[in-house]
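Structure, as structure tokens:
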Amino acid sequence: MPQQRNIFYRIWRFYYEGFRSMTVGRTLWLIIFIKLFIMFAILKVFFFQPTLKGTDEQKAEQVRTNLISPK
């Protein structure tokens, strides 16, 4: 068991030291996180509105109708 813990610790230290010593990489990761935030938070709110509305029975009927005769 100590050997496995040592391997996991060495892997964690490898990534930790790599991310800590990055200079340009930090800026790139910041850009990636900003883009992900825009895609998932902002675009979801404005463009991806829920299509199923109403009670469970109304939702089930709407799905059943779309499966039988798609638009």
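Key figures
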| read-out | value |
| --- | --- |
| Filter result (hydrophobic (A, V, I, L, M, F, W, C), farther than 30 Å from residue 66 by Cα, open to solvent by 100 Å² or more (accessible area, probe 1.4 Å) and not in a helix (DSSP H, G or I)) within the range 1-53 | 1 |
| Filter result for the condition that a residue is under 30 Å from residue 63 (Cα atoms), out of contact with any Ser or Thr (no Cβ under 7 Å at 6 or more places or on another chain) and modelled with pLDDT under 90, over 50, 2 | 50 |
| Single residue of the range 54-70 satisfying the filter (loosely packed, with under 10 Cβ neighbours inside 10 Å and part of a loop (DSSP other than H, G, I, E, B)) that is modelled with the highest pLDDT | 55 |
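The values are calculated or read from the model by the stated rules, or taken from the named source; none is laboratory data. Worth saying up front: this structure is predicted, and the values here are computed from it rather than measured. A quick note on method: Cβ atoms are made from the backbone with ideal geometry, for glycine too, and the neighbour counts reach across all protein chains shown. The protein model used for the area step is the full one, side chains on, heavy atoms only, and it has no ligands, DNA or RNA in it. Shrake-Rupley method; radii C 1.70, N 1.55, O 1.52, S 1.80 Å.
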